[in-house]
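A.B. asks: Quick one: the structure is below, questions incoming.
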Amino acid sequence: MSTPYAKLPAWADYGLIPLINLAVAFIVAGFVVLLVGENPFRAAVILVEGAFGKGTGIAFTLFYATTFIFTGLSVAVAAHCGLFNIGTEGQAYIAGLGIAIVCLSFDSVLPWWLTFPMAIVASALVGALWALIPAYLQAKRGSHIVITTIMFNFIAASIMVYLLVGPLKPAGSQAPQTRNFLAGAELPKLNWIIELFGAKIRSAPLNVTFLLALLMAFLVWLLIWRTKLGYEMRTYGHSPKAARYAGISETRIIITAMMISGALAGMMALNPVMGDQHNVAIDFVSGAGFVGIAVALMGRLHPVGIVLAAVLFGMLYQGGAELAFEMPAISRDMIVIIQGLVILFAGALEHMFRPYIQALFASFSPRSVGMEAVKGKGA
Amino acid sequence: MAQAAIELIGINKSFGAVRANRDINLEIARGTIHGIVGENGAGKSTLMSILYGFYQADSGEIRVGGKPASIKTPNDAIALGIGMVHQHFMLVDNFSVLENIILGAESDALLKSSIAKARSELDRLEREYGLEVDPDAIIEELPVGLQQRVEILKALYRGAEILILDEPTGVLTPAEADHLFRILKQLKEQGKTVVLITHKLREIMAITDNVSVMRQGTMVATRETSKTTVGELAELMVGRRVLLRVEKGEAEAGAVKLAVKNLTVKDSRGVTMVDDISFDLRAGEIVGIAGVAGNGQSELLEAISGIRHAVSGSVMLDGKPIDLTGAADPGELRDRGLAHVPEDRHHVGLVLAFEENENSILGYHDDPRYLKGPFLNVDAIMADAKDKIEKYDIRPGNPRLKTANFSGGNQQKIVLAREMEQDPGVLIVGQPTRGVDVGAIEFIHKRLIAMRDQGKAVLVVSVELDEIRSLSDRILVMFAGRIVGERGPEATEGELGLLMAGVERQEAAL
C-alpha cells in the first residue's frame, strides 16, 4: 500500500525544497566549523565573499562551474536512460589525450578558433569511445555499467600516466605533462564580461568553454525533451519493459545514451586543458567527474538545475579555497566535508523534508497540491 | 438480534488532500459474513487497513465487541481477535506450513517446543474447520488455493474471531473459490465473523449475509444480501445504472488474420509456458482466452506481440510470417497492423512518470505524424492527445498531467485509445479491465465490440470469466500451457471452470 503523496506546486518542488536542503547542509556544516573552534558565521561570510565578493572570485567560481556543468550533464544524460555513468572521471581524463593530439599538432599553425572546434570534436569523440566499451558490455553481455565504468576510470588513469611520463612528455622535462601549448591552442578568457560590470580581475581562468557549456546545457534540454531519441531514452530509463513494448532497441539506446554521456564528459577536459593550464598534466580532472554526479542529482537531472548546482559547487570550490587560506584551522579536508554534507542533504536525502512540506502545503491550501488518485488496488 | 462484533463510528481518513474515507459508519454483526463492495479507489482497503492497524483514522471510533478499542498496530488488532488475509500472501516461500504459521508467534525461545505445541494446535484447527493442509509441506510447492488456506490458519492460530479477507478469489480457480466459500461458511457456523472485501458482485450474492457498498470514500448503503440484487448493488457502486452484459449482434467472421501454429514458448527460467498451441483468429470476431492466471496466457500474448521469443512454431499475420526466432520487433508488427494492449499497463503499456500526451504516442513515436525531423512535433502530439481524450472520455482531460495521477480505468483508456486509434487489423488485449472500475468496464467492452463490428480481429485474454463469456464469440481455455478446449459463448461457467482446472476429459455434461 503506497502512501499517496500529494503533488507540490512546481516552485516549491524545484525551488523551496532544494533551498531547505541546502540550508540544512550549511547548518550542519556550521556545527562542524564550531567543532574545530572557528566562528561558523564568519566562515560563511568568507566562503561567500571568496566566491562572489570580487571579480576574480566570480571568475574562478564560474571557471569551476564550467567543468561541473559538463560532468553534470554527462551524468544526467545517462541517468535519463536509466544508466548510472560513474565513469565521467575517466572519460574526461582520457579525452585529454584527444585534445593533446589536436593541440600539439596544430597550435603552431592554426589560430585558436580553428583549433578549438577540432579539439571539441576530438575530446567528444575520445570520451564517447571510452564510454562505448562499457555500454557495449552492458547492452550485449549484461555487465553492470556501474562496475565497468568505474573500472574504466582506473584504466584511463593508468593509460594517461603512462603517456604523460613517456611518449607525451617532452624530452628532458621532469614534469609528467605535455609541453605547453602555443597561442594557437590557448582559449580566450571571458574576464572582460565580468569587468563590464565594473569588477576588477587580476588573473582568472574563465574562458570561452563556459559559453560552450551553456550551449551544451541547452542542447541537452533539447535532446531529452524535444527529440525522438530523448523520448526513447526516457522511456527506457523509466521502464525497460515499456521500451521493449514500444519497439525501442535496448542495445541501440544504451549505446547511444552512453556515447552522448561520454562525449559531454570528454568536453569537460577542454576547460582546464585549453582554457587554463595550456598543457595536459597528470590528474587534471581531479574528481570533477564525481562532483558531476552530485551536480546532476542536485540539479534534478534538468539542465537549468545542473547549471545552478554547478555554480553552487563552483562557489564551494572557490570560496572553500579562500576559507582554507583565511582560517588555518579549517583545512582543505574540512572543505571536502562541507561539500560532502551538501551532497548528502541535497542528493541522497533530498526527500527527507518532502513529506513535511507536503503536509504543510496540504493543510494551508489543499487546492494547491491538487488531487491525486489514491493508489493501491481497492484502496 | 446478533451483537455487533465491530462497530465503526464516524471514521475519517485523508491522505494529503485526498479524503479516502469520510464519515464512515459500519456495524458488523457477530457470526455473519459481511461483504464490502466498491470500485477501485472507493476506500475499502483504506477502511480495512484502519481496522487492522496499518493506518490511523484521523477521527472516529472503533468498537470491538461493544468496547471502544485503540488499534495502533496490527499487533493491537491481533490481540483484539482481528485477523487479516491479504490479497498478496505474506508467507515465507521456502518455509514449511508449520514454520509460517508460528512465525512471529513463537511461544518459547526454543523453536522445538513451539513447533510441538503448534502442531497439536494446528491439528485441532484443521479438524474443526475442514482446513486440511500438510503442516510439513513447503509453501512454494503448494498451489495458491492451499497457500491461502495457510493464511487463514495463520490468523486462526493467533486466535482471530474476526477474519478480514481482501479480494480473496482473485488468484483462485472457480473450484478453489467454491471451496474457500465452504470454509468461510463453516467458520461462520463456528461463530466467527468474516469480512469479505471484493469487487465481484457474484461472490457477494453467493455467500454474504449483509453487504455494504462504498463509493468515493463514503458508505452509501448497507443491505441484507437476500433483499438486494446484483443490479441494485452495481448501481449503488457506480452511482448510476450499469449494463452488466454488453449487447452485441452475431459475429461475421471473415478471413483469417492471425494464424498461430504449434507455438511453443519458454519463460526466462526455461520452463515451457506455452506448449504447442495452434489457433486461428479471423476478421470480425472476438476470441477470448480463458484460464487461471499463470497458465501461459501472458507468454502467449508476449510471443505474438513480439516481446518474447518463441522456441518453435509459427505465427502468420495476414498470411505473412512473423519472425519469432530472432527478436520480432514490436515496432515492425505495429507497422503491419498488429496493436497490443498489454496486461501490465503500469510497467509495459505506459510509462507512469510520463505526461499523458507522451504516453499517447508510446510505440508510435516513429510515426512521421508526430515528428519534425529528429524532433518531436509537440503541437501535433498535443492535438492528437486532446483528440483521444475527448473520444475516449479520459478524465481528467489534461494531456499535461502525469500518467500516474490518472485512475486505473482512465490509464487503461489511454492505452486503448492509443492502440485502437491506429486502426489496426488485429488487436490483442490482455486483461482489458483489470483494476478498472465498473463504469469504465462497460465503456471498454463496448469499444472492443465496436472494433469487432468494424471487421477487426480481436484476441482477448482475461482471468475474469464473466468478461470472457460476455465478450467472446469463441472461447479457448488454457491450462498448463495448452489449449484444453474450445467453446461457444453459451458455455456455462461450470463447464469452463472445469476446463480451467484441467479436467480435460469431462465433456460438457455438467
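A.B. asks: Out of (1) of a type outside the set (S, T, N, Q); (2) within 20 Å of residue A:205 (Cα to Cα); (3) open to solvent by less than 20 Å² (accessible area, probe 1.4 Å), what's the single condition that is false for residue A:327?
C.D. replies: Failing condition for residue A:327: (2).
A.B. asks: If you check B:430, B:409, B:363, which single one turns out to be touching a strand residue (DSSP E or B) at 6+ places or on another chain (Cβ under 7 Å) and within 14 Å of chain A (Cβ to nearest Cβ)? Write out each step before concluding.
C.D. replies: Details: B:409 fails: touching a strand residue (DSSP E or B) at 6+ places or on another chain (Cβ under 7 Å); B:363 fails: touching a strand residue (DSSP E or B) at 6+ places or on another chain (Cβ under 7 Å).
Exactly one of B:430, B:409, B:363 is touching a strand residue (DSSP E or B) at 6+ places or on another chain (Cβ under 7 Å) and within 14 Å of chain A (Cβ to nearest Cβ), namely B:430.
A.B. asks: Which strands (runs of 3 or more DSSP E) does segment B:1-73 wholly contain that include 2 or more residues that are open to solvent by less than 50 Å² (accessible area, probe 1.4 Å)?
C.D. replies: Here the list reads B:4-15, B:18-29, B:33-38, B:59-64.
A.B. asks: What residue, among those in segment A:215-230 that are open to solvent by less than 20 Å² (accessible area, probe 1.4 Å) and closer than 30 Å to residue A:58 by Cβ, is farthest from the other protein chains (Cβ to nearest Cβ)?
C.D. replies: A:217
A.B. asks: Which one is farthest from residue B:419 (Cα to Cα), of the residues in segment B:376-390 that are open to solvent by 50 Å² or more (accessible area, probe 1.4 Å) and not hydrophobic (A, V, I, L, M, F, W, C)?
C.D. replies: Step by step, filter segment B:376-390, then rank; the result is B:379.
A.B. asks: With at negative phi and open to solvent by 20 Å² or more (accessible area, probe 1.4 Å) as the only criterion, which of B:393, B:329 stands out?
C.D. replies: That would be B:329, the only listed residue that is at negative phi and open to solvent by 20 Å² or more (accessible area, probe 1.4 Å).
A.B. asks: State whether the residues of segment A:194-214 include one that is away from chain B (no Cβ under 12 Å), under 18 Å from the mean Cα position of the chain (by Cα), surrounded by fewer than 20 Cβ atoms within 10 Å (Cβ to Cβ) and not β-branched (Val, Ile, Thr).
C.D. replies: The answer is yes, given that some residue of segment A:194-214 is away from chain B (no Cβ under 12 Å), under 18 Å from the mean Cα position of the chain (by Cα), surrounded by fewer than 20 Cβ atoms within 10 Å (Cβ to Cβ) and not β-branched (Val, Ile, Thr).
Per-residue answers, yes or no, for (1) over 19 Å from the mean Cα position of the chain (by Cα); (2) buried (at least 19 other Cβ atoms within 10 Å of the Cβ); (3) not in a helix (DSSP H, G or I):
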| position | (1), (2), (3) |
| --- | --- |
| A:98 | yes, yes, no |
| A:103 | yes, yes, no |
| A:128 | no, yes, no |
| A:132 | yes, no, no |
| A:146 | no, no, no |
| A:150 | no, no, no |
| A:156 | no, yes, no |
| A:159 | yes, no, no |
| A:164 | yes, yes, no |
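A.B. asks: Among the residues of segment B:98-120, is there at least one that is closer than 23 Å to residue B:34 by Cβ and surrounded by fewer than 20 Cβ atoms within 10 Å (Cβ to Cβ)?
C.D. replies: Filtering segment B:98-120 for residues closer than 23 Å to residue B:34 by Cβ gives none.
Checked segment B:98-120: no residue is closer than 23 Å to residue B:34 by Cβ and surrounded by fewer than 20 Cβ atoms within 10 Å (Cβ to Cβ).
A.B. asks: OK, next. Need pairs with beta-carbon distance below 8 Å; first residue within 12 Å of residue A:17 (Cβ to Cβ) and within segment A:329-356, second open to solvent by less than 30 Å² (accessible area, probe 1.4 Å) and assigned to a loop (DSSP other than H, G, I, E, B); sequence gap 6+ or separate chains.
C.D. replies: Taking only residues 6 or more apart or on different chains, the pairs are A:354/A:8.
A.B. asks: Okay, next question. Whether any residue in segment A:169-185 is closer than 20 Å to residue A:285 by Cα, open to solvent by less than 20 Å² (accessible area, probe 1.4 Å) and not hydrophobic (A, V, I, L, M, F, W, C) is what I want to check. Spell out the reasoning first.
C.D. replies: Going residue by residue through segment A:169-185, those that are closer than 20 Å to residue A:285 by Cα are A:169, A:175-181, A:185.
Next, from what is left, pick out any that are open to solvent by less than 20 Å² (accessible area, probe 1.4 Å): A:178, A:181, A:185.
From what's left, not hydrophobic (A, V, I, L, M, F, W, C): A:178.
The answer is yes, given that some residue of segment A:169-185 is closer than 20 Å to residue A:285 by Cα, open to solvent by less than 20 Å² (accessible area, probe 1.4 Å) and not hydrophobic (A, V, I, L, M, F, W, C).
A.B. asks: Can you name the condition, by its number, that residue B:320 falls short on among (1) within 28 Å of the chain's Cα centre (by Cα); (2) more than 14 Å from chain A (Cβ to nearest Cβ)?
C.D. replies: Unmet for residue B:320, out of (1) within 28 Å of the chain's Cα centre (by Cα); (2) more than 14 Å from chain A (Cβ to nearest Cβ): (1).
Yes or no, residue by residue, for (1) of a type in the set (Lys, Arg); (2) surrounded by fewer than 17 Cβ atoms within 10 Å (Cβ to Cβ); (3) in contact (Cβ under 8 Å) with a residue 12 or more places away in the chain:
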| residue | (1), (2), (3) |
| --- | --- |
| B:282 | yes, no, yes |
| B:290 | no, no, yes |
| B:297 | no, no, yes |
| B:304 | no, no, yes |
| B:309 | no, yes, yes |
| B:324 | no, no, yes |
| B:345 | yes, no, yes |
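A.B. asks: A follow-up question, please. Mind counting the residues in segment A:166-185 that are part of a loop (DSSP other than H, G, I, E, B), of a type outside the set (Phe, Trp, Tyr) and touching a Ser or Thr at 6+ places or on another chain (Cβ under 9 Å)?
C.D. replies: Residues that pass the stated criteria total 5.
A.B. asks: Okay, next question. Look at segment B:332-343 and say how many of its residues are in a strand (DSSP E or B) and either surrounded by fewer than 22 Cβ atoms within 10 Å (Cβ to Cβ) or facing chain A (nearest Cβ under 10 Å) (or both).
C.D. replies: Here the count works out to 1.
A.B. asks: Separate question: Which residue is nearest to residue B:216 (Cα to Cα), if the candidates are limited to segment B:41-51 and must be within 11 Å of another protein chain (Cβ to nearest Cβ) and out of contact with any Asp or Glu (no Cβ under 7 Å at 6 or more places or on another chain)?
C.D. replies: Restricting to residues being within 11 Å of another protein chain (Cβ to nearest Cβ) and out of contact with any Asp or Glu (no Cβ under 7 Å at 6 or more places or on another chain), the top hit is B:42.
A.B. asks: Considering only segment B:266-280, how many residues are of a type in the set (A, V, I, L, M) and either open to solvent by 40 Å² or more (accessible area, probe 1.4 Å) or under 21 Å from residue B:319 (Cα atoms) (or both)?
C.D. replies: 2
A.B. asks: Any residue at all in segment B:302-311 that's outside any loop (DSSP other than H, G, I, E, B) and within 11 Å of another protein chain (Cβ to nearest Cβ)?
C.D. replies: yes
A.B. asks: Then there is this: Being among the acidic types (Asp, Glu), modelled with pLDDT of 90 or more and open to solvent by 20 Å² or more (accessible area, probe 1.4 Å) narrows it down to one of A:283, A:333, so name that one. Step through it out loud before you land on a result.
C.D. replies: Numbers: A:333 fails: modelled with pLDDT of 90 or more.
Just a single option satisfies the conditions, and that option is A:283.
A.B. asks: If we keep just the residues of segment B:180-229 that are among the charged types (D, E, K, R) and assigned to a helix (DSSP H, G or I), which is farthest from the other protein chains (Cβ to nearest Cβ)?
C.D. replies: Keep residues of segment B:180-229 that are among the charged types (D, E, K, R), which gives B:182, B:185, B:188-189, B:192, B:200, B:202-203, B:209, B:215, B:223-224, B:227.
From what is left, the residues that are assigned to a helix (DSSP H, G or I) are B:182, B:185, B:188-189, B:202-203, B:227.
Working: B:182: 24, B:185: 23, B:188: 23, B:189: 28, B:202: 17, B:203: 14, B:227: 25 Å.
The selected residue is B:189.
A.B. asks: Here is a further query. Could you grab me the full set of residues in segment B:356-375 that are crowded, with 18+ Cβ neighbours inside 10 Å and closer than 15 Å to residue A:224 by Cα?
C.D. replies: Answer for segment B:356-375, where residues must be crowded, with 18+ Cβ neighbours inside 10 Å and closer than 15 Å to residue A:224 by Cα: B:358, B:365, B:371.
A.B. asks: Next question. Name the helices (runs of 4 or more DSSP H) wholly inside segment A:259-362 in which the number of residues that are within 14 Å of chain B (Cβ to nearest Cβ) and under 30 Å from residue A:34 (Cα atoms) is 3 or more.
C.D. replies: none
A.B. asks: Sort out which residues of segment A:135-165 are in contact with a Ser or Thr (Cβ under 8 Å, 6 or more places away or on another chain) and more than 30 Å from residue A:252 (Cα to Cα), and write them in order of number.
C.D. replies: A:164, the sole residue that qualifies.
A.B. asks: May I ask you to list the residues in segment A:231-258 that are more than 9 Å from every other protein chain (Cβ to nearest Cβ) and open to solvent by less than 20 Å² (accessible area, probe 1.4 Å)?
C.D. replies: Of everything in segment A:231-258, those that are more than 9 Å from every other protein chain (Cβ to nearest Cβ) and open to solvent by less than 20 Å² (accessible area, probe 1.4 Å) turn out to be A:233, A:253, A:254, A:257, A:258.
A.B. asks: How many of the residues making up segment B:74-97 are in a loop (DSSP other than H, G, I, E, B), buried (at least 18 other Cβ atoms within 10 Å of the Cβ) and of a type in the set (A, V, I, L, M)?
C.D. replies: Counting residues in segment B:74-97 that are in a loop (DSSP other than H, G, I, E, B), buried (at least 18 other Cβ atoms within 10 Å of the Cβ) and of a type in the set (A, V, I, L, M) gives 2.
A.B. asks: Quick test for you: out of B:400, B:369, pick the one residue that is assigned to a loop (DSSP other than H, G, I, E, B) and more than 10 Å from every other protein chain (Cβ to nearest Cβ).
C.D. replies: The unique qualifying residue is B:400.
The values are calculated or read from the model by the stated rules, or taken from the named source; none is laboratory data. Note that this is a predicted model, so its numbers are computed, not measured. Reconstructed Cβ throughout: ideal geometry from the backbone, glycine too, with neighbour counts over all protein chains shown. All accessible areas refer to the heavy atoms of the entire protein, side chains included, with ligands and DNA or RNA removed. Shrake-Rupley method; radii C 1.70, N 1.55, O 1.52, S 1.80 Å.
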